[in-house]
1. Please go through (1) crowded, with 20+ Cβ neighbours inside 10 Å; (2) away from the ligand (no atom under 15 Å from the Cβ); (3) at pLDDT below 95 for residue 58 and return the number of the only condition it doesn't satisfy.
2. Would you say residue 166 is in contact with a Phe, Trp or Tyr (Cβ under 9 Å, 6 or more places away or on another chain), surrounded by fewer than 19 Cβ atoms within 10 Å (Cβ to Cβ) and in contact (Cβ under 8 Å) with a residue 24 or more places away in the chain?
3. Considering only residues of region 117-141 that are more than 11 Å from the ligand (Cβ to nearest atom) and free of Cβ contacts under 8 Å to residues at least 60 places away in the same chain, which is surrounded by the fewest Cβ atoms within 10 Å (Cβ to Cβ)?
4. Of all residues in region 1-46, which are at pLDDT below 95 and in a helix (DSSP H, G or I)?
5. Between residues in region 287-303 that are in a helix (DSSP H, G or I) and residues that are surrounded by fewer than 18 Cβ atoms within 10 Å (Cβ to Cβ) and hydroxyl-bearing (Ser, Thr, Tyr), which pairs lie under 8 Å by C-beta distance while being six or more apart or on different chains?
6. Just the residues that are in contact with a Lys or Arg (Cβ under 7 Å, 6 or more places away or on another chain), surrounded by fewer than 19 Cβ atoms within 10 Å (Cβ to Cβ) and either at pLDDT below 95 or not in a loop (DSSP other than H, G, I, E, B) (or both), please, taken from region 61-91.
7. How many residues, within region 266-276, are more than 8 Å from the ligand (Cβ to nearest atom) and either surrounded by 23 or more Cβ atoms within 10 Å (Cβ to Cβ) or aromatic (Phe, Trp, Tyr) (or both)?
8. Is there any pair linking a residue in region 223-246 that is more than 13 Å from residue 174 (Cα to Cα) and in contact (Cβ under 8 Å) with a residue 24 or more places away in the chain to one that is charged (D, E, K, R) and within 14 Å of the ligand (Cβ to nearest atom), with Cβ under 9 Å and at least six apart or on different chains, and which?
Amino acid sequence: MPTRRTKRGSARTPLRVDADVLVCGSSFAGLAVARELTGSAARVLLIDRYEIGERQTSACAAPTEWLAAMGVEASIKQTFGDLVIHTPHLTTRMSLPWTFSTFDYAILCERLFERCDARFETATIKGPGDAGAVETDRGELRAPLIVDCLGWRRVLGQRGYQPPGAPLSRGLEVHPGGGSDDLEIWIDRGYVPAGYSWSFPAADEVRVGVGSFDPGFHVKDSTVRLARDLDRDAVRYQGNWIPHRLREATEGAVFFVGDSAGHCLPLTAEGIRTAFYFGIACGRELRRVVDGLATRDTALRRYGAFSARHRWHFDWLLRVQRLVPRVPPRLLAAALRGMSEEEFVRWSFVHYLRIAHPAYAHELAARPQPRRRALRLAA
Ligand SMILES: Cc1cc2nc3c(=O)[nH]c(=O)nc-3n(C[C@H](O)[C@H](O)[C@H](O)COP(=O)(O)OP(=O)(O)OC[C@H]3O[C@@H](n4cnc5c(N)ncnc54)[C@H](O)[C@@H]3O)c2cc1C
């Protein structure tokens, strides 16, 4: 378990900070939003209940191109050009048209934060306050622009979202020491009736886990069994709920990014690059407000529409997520054999990456000189 560095007790003094943009949650989504505002005139305040990079929130595997685009190559632990897929009737090795890398969460977050000119404070967000306010354990915080990057709970939303009724998958992994050369996944109902299992090596440790699309299926026994089958120790647990349905990306005057907006891709549960992608999109809209080019209402509308334009990708992946567990295992093996053809792998993975392509990180909008202006909220 990581040691706790977060301020506690008397160190948790009331917060009085003037901010133009309040970014709640300082993981992938929050840091991407703040990074996009770097060099603007905005006073950006990043909040999290933990120190930056203190609590790893995933198996930390992402397309290498995205890590390069965000300038965080230094966090990379291992890179893979192949994906090995196991089913009870077939094991296949797919040679990917682009690579995945596992990375060190703490280093990635620190490197992203170094690229922000935001102020960071630890505080626990309790929920929305009056218009333009957020309730925290260190008092009320106010800002004209508020972003919820707090993960699946969507703390600043008005409507609750609770498992097992909500469209959430559950994921649990262990992090034993050791190594391997292969990025592997298992589609095997012996471990999980609807979902998949994984082994993601990261140089000196292996992240072994099980994800269930059915929130009612408890994954702990399966995770322990998979670790044992791989001759790994079931140590250093890490798990969370994973949203698998896109939600509205704005509500009232609040912007939602990453898991809080359901931006994690169904079927694959890939949510890091989408948190970067939609974080950049949100940051660009906020920047237009700060630069006096748009009102907050316009930014809310444009960002909401941007997110909604991706809905069909999310809906398609959700359909496949629902279909795969119903396919008889032998038929699944036959289908997978066909899908392992080089041409098909290239076609499908190139399209899959396009859903949130790393080139988007480089498409910088024309940037006026930073100058502090009064933010316009409505037309
Ligand atoms: C076991 C597991 C493995 C996964 N593996 C991968 C993977 O390999 N690759 C991939 O792409 N995706 C993976 N995912 C999905 C991925 O982790 C998420 O989609 C991603 O973390 C979303 O980023 P985010 O910034 O939106 O939210 P999060 O990373 O969840 O960050 C939310 C932040 O908000 C803070 N916070 C939450 N509540 C409060 C509060 N009340 N007050 C203050 N702060 C708060 C948290 O401390 C955290 O820093 C995995 C998920 C799980 C559960």
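The values are calculated or read from the model by the stated rules, or taken from the named source; none is laboratory data. Fair warning: this is a prediction, and the values are worked out from it, not measured in the lab. Every residue, glycine among them, receives a Cβ derived from its backbone with ideal geometry; neighbour counts consider all protein chains shown.
1. Here residue 58 clears every test but (2).
2. Considered against the rule, which asks whether it is in contact with a Phe, Trp or Tyr (Cβ under 9 Å, 6 or more places away or on another chain), surrounded by fewer than 19 Cβ atoms within 10 Å (Cβ to Cβ) and in contact (Cβ under 8 Å) with a residue 24 or more places away in the chain, residue 166 comes out as yes.
3. Restricting to residues being more than 11 Å from the ligand (Cβ to nearest atom) and free of Cβ contacts under 8 Å to residues at least 60 places away in the same chain, the top hit is 130.
4. Of everything in region 1-46, those that are at pLDDT below 95 and in a helix (DSSP H, G or I) turn out to be 9, 10, 11.
5. Hits for this filter: 288/298; 289/295; 289/298.
6. Scanning region 61-91 gives 74, 82, 84, 89, 90.
7. Here the count works out to 2.
8. Close Cβ pairs (under 9 Å, with a partner that is charged (D, E, K, R) and within 14 Å of the ligand (Cβ to nearest atom)) amount to 241/153; 241/170; 241/259; 242/170; 242/259; 243/154; 243/259.
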